[in-house]
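The values are calculated or read from the model by the stated rules, or taken from the named source; none is laboratory data. Worth saying up front: this structure is predicted, and the values here are computed from it rather than measured. Quick reminder, even Gly has a Cβ in these numbers, built from the backbone with ideal geometry, and neighbours come from all protein chains shown. Accessible surface areas use protein heavy atoms only, side chains included; no ligands, DNA or RNA. Shrake-Rupley method; radii C 1.70, N 1.55, O 1.52, S 1.80 Å.
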Amino acid sequence: MSSSDRSRAVDLTRTYEVRTYGCQMNVHDSERLSGLLEGAGYVRAPEGSDGDADVVVFNTCAVRENADNRLYGNLGRLAPMKTKRPGMQIAVGGCLAQKDRDTIVKRAPWVDVVFGTHNIGKLPVLLERARVQEEAQVEIAESLEAFPSTLPTRRESAYAAWVSISVGCNNTCTFCIVPALRGKEKDRRTGDILAEIEALVGEGVSEITLLGQNVNAYGSDIGDREAFSKLLRACGEIDGLERVRFTSPHPRDFTDDVIAAMAETPNVMPQLHMPMQSGSDTVLKAMRRSYRQDRYLGIIDKVRASIPHAAITTDIIVGFPGETEEDFQQTLHAVREARFAQAFTFQYSKRPGTPAATMEGQIPKEVVQERYMRLSALQEEISWDENRKQVGRTLELMVAEGEGRKDGATHRLSGRAPDNRLVHFTKPDAEVRPGDVVTVEITYAAPHHLLAEGPALDVRRTRAGDAWEKRNAAEAAKPAGVMLGLPQIGVPEPLPVATGSGCGLD
């Protein structure tokens, strides 16, 4: 190849960047978007490109109040870059795109493509159509066109993977807009789920997280209330699968058979993230949450009786319309009783299109903020106390990538305990890779992490670590530019094996 040919090859390489906001479902969808773009001939832009790519995709969230402002602010910052770069394209997808539709192009006319939660597989086609027709393409499907797990993927991790078991939600929580944007729950066939997990394990993955907006309602399509517990037990029979997690369950559907499956299936981790939202029965009723404080705390008691070392985390909304100080005190009481390892607390934000947005009794911002600070302080104290109980325990950690921001300076590595607590540990003399397993003794506890300051007690090299090493070697060997030509038109063919959420406010 002559130097001029090489120059043209580099020029024809089109790069992409995907920016993700929101829940795990969006993170998983972004892996699909990346897979689709790479299947269509695009190359991922280097880290830190900050919009310096030929295609920038925003995968948006509509749950929080500032979601709109955040999106349009980012779009505004890209406008001058797009002016200077002929051929650059901007696409907006996800829940906010499903909600706002034509509004996005009206407010940001430099956007090329708007697509919804149900038709992410159309992104390469829409980009090509926008390029050829030189006008914005807005396509919002009202129902799911193809289950996301049938689409190609570019997974962010070589050793851990999301596996979607359902999409959509049948709940009608008054604060949540997600069911209107994701649609009714649609379950995936159990055989397809297990086939995907087996394929992932064959590639070296050793940890999977089952995803659904309401993950433990799995089976509602066929009327099998025990379908989720059966799925957990089936995961336990997959050779080479070391860790199974799931998110997010709903207390309404959390049955005793699920607790038994968690306790009796060795590779199902002793971890439970179960949104509570409020400890007040009055507020829970106004939220249309189909349980009350006693029911929620009763589930936690059963889980701890069966799995004593389980770490339980939750989501809580502060300042829901009509919440009184007495209601808030009930939330504080529930937090003290539950003793969560961690709680993700949110100040209520009004979302147009939800019943709660027009409810009477909207709480002044300063009151919400003050309650939020009190709740955060209480949970910080409990998290620290619960973490102190881990000191002296011997734990097996799966080494993680990118979880310890100070690891380089402290000569440590980071990993996740079976209960998903983050542990920073002294770097062993032996080579350790993400996905490998290290046994350590916990010596110190902080509210949000643990330390293992002594030498590692054991280092186990794993197939997951091999997969990480192989992937990194392949990435390093990639040429700076390859002759790709223009992206092909149409959705790439599905993979031979189907490959595969949880809204934090479930």
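Quick look at the values:
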{"read-out": "Formal net charge of residues neighbouring Ala40 (Cβ-Cβ distance under 11 Å; K, R +1; D, E -1)", "value": "-1"}
{"read-out": "Rounded FRET efficiency, nearest 0.05, which uses the C-beta distance separating Lys186 from Asn69 and R0 of 30 Å", "value": "0.40"}
{"read-out": "Local net charge near Pro418, Cβ-Cβ under 9 Å (Lys/Arg +1, Asp/Glu -1)", "value": "+1"}
{"read-out": "Residue pairs, from the table Lys186/Lys302; Lys184/Lys350; Lys99/Lys350; Lys82/Lys122; Lys302/Lys389, whose Cα atoms sit over 26 Å apart", "value": "Lys186/Lys302"}
{"read-out": "Modelled label reach - Thr443, point 7 Å along Cα→Cβ, region 408-426 residues with backbone N closer than 19 Å", "value": "408-417, 422-426"}
{"read-out": "Sum of side-chain charges, Ile259 neighbourhood, beta-carbon under 13 Å (Lys, Arg +1; Asp, Glu -1)", "value": "-3"}
{"read-out": "Heavy-atom accessible surface of the chain: percent carbon and sulfur, 1.4 Å", "value": "51"}
{"read-out": "Net charge dipole size for region 331-445 [Lys, Arg +1 and Asp, Glu -1 on Cβ; Debye, nearest 20]", "value": "300"}
{"read-out": "Sorted peptide list for 264-272, 406-414, 111-119, criterion being average Cβ within 10 angstrom, highest first", "value": "111-119, 264-272, 406-414"}
{"read-out": "Assigned charges on the beta-carbon of Lys, Arg, Asp, Glu; region 19-106 dipole about Cα centre (debye)", "value": "260"}
{"read-out": "Calculated [θ] (222 nm, deg cm²/dmol) that DSSP helices of n ≥ 4 give over the chain, each run adding -39,500 (n - 2.57)", "value": "-11000 deg cm²/dmol"}
{"read-out": "Rel. contact order, % - alpha carbon contacts under 8 angstrom, at least six apart, region 11-100", "value": "34"}
{"read-out": "Extension gain (nm, one decimal) between Ala357 and Arg295, 0.36 nm per residue minus Cα-Cα", "value": "19.6 nm"}
{"read-out": "Test item: Cα-centred dipole of the chain, Lys/Arg +1 and Asp/Glu -1 on Cβ, debye", "value": "820"}
{"read-out": "Point-to-point label distance, Ser143-Thr15, nm (Cα→Cβ direction, 7 Å offset)", "value": "4.2"}
{"read-out": "Distance between modelled label sites at Arg374 and Glu226, nm, 7 Å Cα→Cβ extension", "value": "4.5"}
{"read-out": "Under 15 Å from the Glu264 label point (7 Å along Cα→beta-carbon), backbone N, region 229-255", "value": "229-237, 255"}
